[in-house]
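The values are calculated or read from the model by the stated rules, or taken from the named source; none is laboratory data. No experiment lies behind these values; they were computed from the predicted model shown. Quick reminder, even Gly has a Cβ in these numbers, built from the backbone with ideal geometry, and neighbours come from all protein chains shown. With ligands, DNA and RNA removed, areas are computed over all heavy atoms of the protein, side chains included. Shrake-Rupley method; radii C 1.70, N 1.55, O 1.52, S 1.80 Å.
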Amino acid sequence: MKLVRDFIPAIIAKSGDQCEWKYVQGKQQFFDFLKEKMEEETQEFVEKPSAEEAADMLEVLMTFIDLNGISYDDVEAARQNKYMTNGGFKSGIILM
């Protein structure tokens with residue numbers, strides 16, 4: 001079992017194939033499947049960096065944000081604030 005995008009069962013059916021599917025059961029199960037999906041999408045991005053793979057990671061993150069009742073605008077504002085006060089990760093600094 002793995003989490004897939006919302007239209008995947010219909011896309012499979014339209015192609016003439018069949019699949020079994022169900023909805024997640026509760027918020028915790030949703031979080032667990034999202035965590036697995038984020039790990040999968042991150043690995044795919046590491047192996048083949050592309051806009052499409054980055055979009056997959058962002059879609060998972062956006063779902064996490066939405067499920068927690070947080071707006072994307074608030075996330076972006078917090079990101080910018082942290083960048084201005086603490087910087088980003090572009091330099092690759094590691095604390096020892």
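Things worth noting here:
Table: residues versus (1) within 25 Å of Q29 (Cβ to Cβ); (2) in contact (Cβ under 8 Å) with a residue 24 or more places away in the chain; (3) in contact with a strand residue (DSSP E or B) (Cβ under 8 Å, 6 or more places away or on another chain); (4) of a type in the set (F, W, Y).
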| site | (1), (2), (3), (4) |
| --- | --- |
| T42 | yes, no, no, no |
| F45 | yes, no, no, yes |
| K48 | no, no, no, no |
| A55 | yes, no, no, no |
| L58 | yes, no, no, no |
| Y72 | yes, no, no, yes |
| R79 | no, no, no, no |
| N86 | no, no, no, no |
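- Output for the range 41-51, where each listed residue is under 19 Å from T63 (Cα atoms) and exposed (fewer than 14 other Cβ atoms within 10 Å of the Cβ): Q43, A51
- The residues in the range 9-27 that are part of a helix (DSSP H, G or I) and open to solvent by 60 Å² or more (accessible area, probe 1.4 Å) can be counted, and the count is 5.
- Qualifying residue in the range 65-77 (condition: at pLDDT 95 or above, within 9 Å of the chain's Cα centre (by Cα) and surrounded by 10 or more Cβ atoms within 10 Å (Cβ to Cβ)): no
- Residue in the range 28-40 that is assigned to a helix (DSSP H, G or I), touching a Ser or Thr at 6+ places or on another chain (Cβ under 9 Å), open to solvent by less than 70 Å² (accessible area, probe 1.4 Å) and of a type outside the set (A, V, I, L, M) present: yes
- The range 49-77, residues that are over 16 Å from D32 (Cα atoms) and not in a helix (DSSP H, G or I): P49, S50, G69, I70, S71
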